[in-house]
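Working notes, beginning with the structure itself.
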Amino acid sequence: MVSGDLVPHANLDHAATTPCLRRVHDAVRDVLPWYASVHRGAGFASRVSSRAYEQARDSLRRFAGASADSEVLFTRNTTDALNLLARCLPPGTAVLRFDTEHHAALLPWAPDSVVGLGMPDSPEAAARLLSAALRRLPAGPKLVVLTGASNVTGELWPVAELAEIARRHGARTVLDAAQLAPHRPLSMTGWQVDWVALSGHKMYAPFGAGALVGSPEWLADAQPYLVGGGATANVTANSADSAHVTWCGLPARHEAGSPNVVGAHALAAACDELTELGWDFVTAHEQALVDRLREGLAALPGVRPLSMWPGRPGVGVVSFAIDPHAGKTTDADLLAAALSAEHGVSVRSGLFCAHMLTRRLMSRTGAEPGPALRASVGLDTTTEHVDRLLAGLERLLLDGPGAHYRLLDGRWAPDPDPRPFPTFLGEAELPALA
């Protein structure tokens, strides 16, 4: 910390990105000596890498609760997976989505294809809005975009009920499971959703891999998401200055270029570890922490939790606004910086890549439409981490920061900041503020 004291890092920012599981670390260590090209080499290392890559697909299918014939397309993250699907929609597809989505699910679709469903004030209202919108649409392909758990409030969406409504009207469904996957089991076949998108960096595999899992329909006949090596079955001369291309089938069709075999192997290891830990354990651990966090926040004056549907079950994500008159320091960005520098606690401040939803929820509380704070727990979170956040927040509200802060590239930072960079970065300490 800026005081020079050392404390264990209290990482309460799991909703942004998660640390690496030991099993994932070990899986990466094991595969690195065999790292080679995938599906492109005759050497033994290439065969090992290719097998690791394909076995990772099997782990993803099981983890997602997908059918045996579901495709697994490896991507960089959830955003990449949803953009891939957006590129594969048949012409004229109507895309129905709520305004509560993370930008990854809100923005990839062609603007003239979107049917906005607003911000429902209850799960029942969400079902009514979706049903009414589908009834109004003419015949043609339709896609309903669903969220498993809100990245702002953690609240669980009624996935099975909304997917059933979509099926009744002949619509396909895609589930943004980025926030759901590390906290609850997925059941594609049980929910009967067509595709699931998820990210490794949200589920303890921060090695640049995600996936789109689901039906081959729409994907199999679409132009490749990326064009280049690996997606091509044959390329011949069409004329003096052009080529004729025969594209591969799935999954290679949408995985052009040398794939991230290390990331795919890491993601598979995370899927297997979460499953073996047992979802009862994961859920009970996180629920106890969230209950403690919510109870503590409720005791702090001027702290206003953000919620779409009060009382709705959720995962380990809690966002809140600070009343501008609640204490000496109420700026969310400054509070986040001071919690890190003075208490060793990492939280997120901002609008959480869900600007419309966060601003709407802030306005409900009567708070100013600025940034909010978000604390999110995970497998490595302890009660001490939660208690340290609560104690640090209370102290900052009552007394203000104990260090001096200035804006650096638009963000608050302590000035001076004596915390050293890790030695692998080659600098002894953080640069002084101008």
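Values in this text are rule-based calculations from the coordinates and carry no lab data. This structure is a prediction, so every number in the text was calculated from the model and none was measured. All Cβ positions, even for glycine, are placed from backbone atoms using ideal geometry, and neighbour counts span all protein chains on display.
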Subject >> Hull shadow area, averaged, region 213-253 [alpha-carbon convex hull, nm²] >> reply: 3.1 nm²
Subject >> Between helix 78-87 and the chain: long-axis angle, C-alpha atoms, 0 to 90°, nearest 10 >> reply: 40 degrees
**OP:** Return the loop-located GluC sites (Glu not before Pro) in region 345-434 (DSSP other than H, G, I, E, B) with at most 16 other Cβ atoms within 10 Å of their own Cβ; answer none if there are none.
**Re:** Glu427, Glu429
Original post:
Once you charge only the Cβ atoms, +1 for Lys and Arg and -1 for Asp and Glu, what is the size of the charge dipole of the chain about its Cα centre, to the nearest 20 debye?
Top reply: 960 debye
Original post:
By count of other Cβ within 10 Å, fewest leading, how are His183, His385 ordered?
Top reply: His385, His183
Original post:
Taking the Cα atoms only, what angle lies between the long axis of helix 159-168 and the longest principal axis of the chain, rounded to 10 degrees?
Top reply: 40 degrees
Original post:
Over region 1-154, what relative contact order in percent results from Cα pairs under 8 Å that are six or more residues apart?
Top reply: 16 percent
Subject >> Relative contact order of the chain, defined on C-alpha pairs under 8 angstrom at six or more residues apart (%) >> reply: 21 percent
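Where nothing but the Cβ of Lys and Arg (+1) and of Asp and Glu (-1) is charged, how large is the charge dipole of region 22-277 around its Cα centre, in debye to the nearest 20? Numbers along the way, then the final one.
On the way: 22 positive and 24 negative charges, 41 e Å.
About 200 debye.
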**OP:** Quick one: angle between helix 22-31 and the longest Cα principal axis of the chain, in degrees between 0 and 90, rounded to 10, please.
**Re:** 40 degrees
Original post:
Normalised by the residues of region 197-236, what does the relative contact order come to in percent, with Cα pairs under 8 Å and at least six apart?
Top reply: 26 percent
Original post:
So how do Thr189, Thr79, Thr153 line up by other beta-carbon neighbours within 10 Å, fewest first?
Top reply: Thr189, Thr79, Thr153
**OP:** Counting helices only, and only those DSSP H runs with n ≥ 4, report the 222 nm mean residue ellipticity of the chain as the sum of -39,500 (n - 2.57) divided by its residues, in deg cm²/dmol to the nearest 500.
**Re:** -11000 deg cm²/dmol
Subject >> Listed residue (Asn260, Val303, Gly229) projecting farthest to the positive dipole end of region 198-317, Cβ model >> reply: Val303
Original post:
Given (1) 134; (2) 177; (3) 168, which label gives volume of the Cα convex hull per residue in Å³ as computed from the coordinates?
Top reply: (2)
**OP:** Take the chain, connect every pair of alpha-carbon atoms lying under 10 Å apart with a spring to form a Gaussian network, then pick out the residue of Asp112, Asp241, Asp194 with the largest mean-square fluctuation.
**Re:** Asp241
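Taking the Cβ of each residue in Cys88, Cys271 as the centre, tally the other Cβ atoms inside 10 Å and list the residues starting with the fewest.
Ascending number of Cβ neighbours within 10 Å: Cys88, Cys271.
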**OP:** Can you tell me the alpha carbon radius of gyration of region 22-277 divided by the globular rule-of-thumb value 2.2 N^0.38 Å?
**Re:** 1.05
Original post:
Percent of alpha carbon pairs in region 162-252 separated by more than 18 Å?
Top reply: 60 percent
Original post:
Looking at the chain, which longest stretch skips every one of the trypsin sites (Lys or Arg not before Pro) that is in a DSSP loop with at most 14 other Cβ atoms within 10 Å, leaving the sites themselves out?
Top reply: 41-327
